[in-house]
1. Only one of these is modelled with pLDDT of 75 or more, assigned to a helix (DSSP H, G or I) and not small (Gly, Ala, Ser): 4, 57. Name it.
2. Being on the phi < 0 side of the Ramachandran plot, at pLDDT 80 or above, aromatic (Phe, Trp, Tyr) and exposed (fewer than 12 other Cβ atoms within 10 Å of the Cβ): is that true of residue 67 here?
3. Look at residue 19 and say whether it is modelled with pLDDT under 60, farther than 30 Å from residue 146 by Cβ, out of contact with any Leu (no Cβ under 9 Å at 6 or more places or on another chain) and among the polar types (S, T, N, Q).
4. Which of the strands (runs of 3 or more DSSP E) contained wholly in region 78-164 include at least 1 residues that are crowded, with 17+ Cβ neighbours inside 10 Å?
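The values are calculated or read from the model by the stated rules, or taken from the named source; none is laboratory data. None of the values given here were measured: they were computed from a predicted structure. Cβ: placed from backbone, ideal geometry, glycine included. Neighbour counts: every protein chain shown.
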Amino acid sequence: MLKIKILVPIILIIFTLTSCGKGFFKPGDARKNPPDPKLRVKKNLEEGKGFRLNNAISGNQGTNFEFASSNELWRASLDVLDFMPLTSANYSGGVIITDWYSEQNNDNESIKITIRFLSNEIRSDAIDVNIFYKKCISTNNCKVNKQEGQLKKEITKQILAKATIYKKQSKDKNFKPYIMSTPGE
């Protein structure tokens, strides 16, 4: 009985692994790939099909962590909203919420902005900006409503423009051409 309990999972694993050959592993076309391994590596890296370990192993470069500061949309949103006090900035939840803000000592009217991140891509539908307006007649008599308008479009436009600049700066800074080493180096 114990042999059957061990034998059945092993057979299932072997059967599962052998069925991966159809469509999962795509064989390379020898006519399209150079025979020299270094040239194949270079071609694959240029096409985005590989990665390099040599810099991390040799100690030339530190570890790359994915922090909120590496997300261009997040950084741009915080920069655009830097004049407003923040109530919540939750990167893992993908939400930035400002506190009520009013200009020129006008306590009767104020705005609150909420930004939800729907994607990390720099696109107009990647962020959802909501603007809430609050008008108060007295201290306890306030009316809050969400409005679509020019301010929402302008904030979205500023965030996307700044994120695009950050993305370009990041690409320019991190670009490292593949340098082929010759035998004997």
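1. 4
2. Judged against the criteria, residue 67 is not a match.
3. Working: modelled with pLDDT under 60: yes; farther than 30 Å from residue 146 by Cβ: yes; out of contact with any Leu (no Cβ under 9 Å at 6 or more places or on another chain): yes; among the polar types (S, T, N, Q): yes.
Criteria met by residue 19.
4. 95-98, 109-117, 127-138
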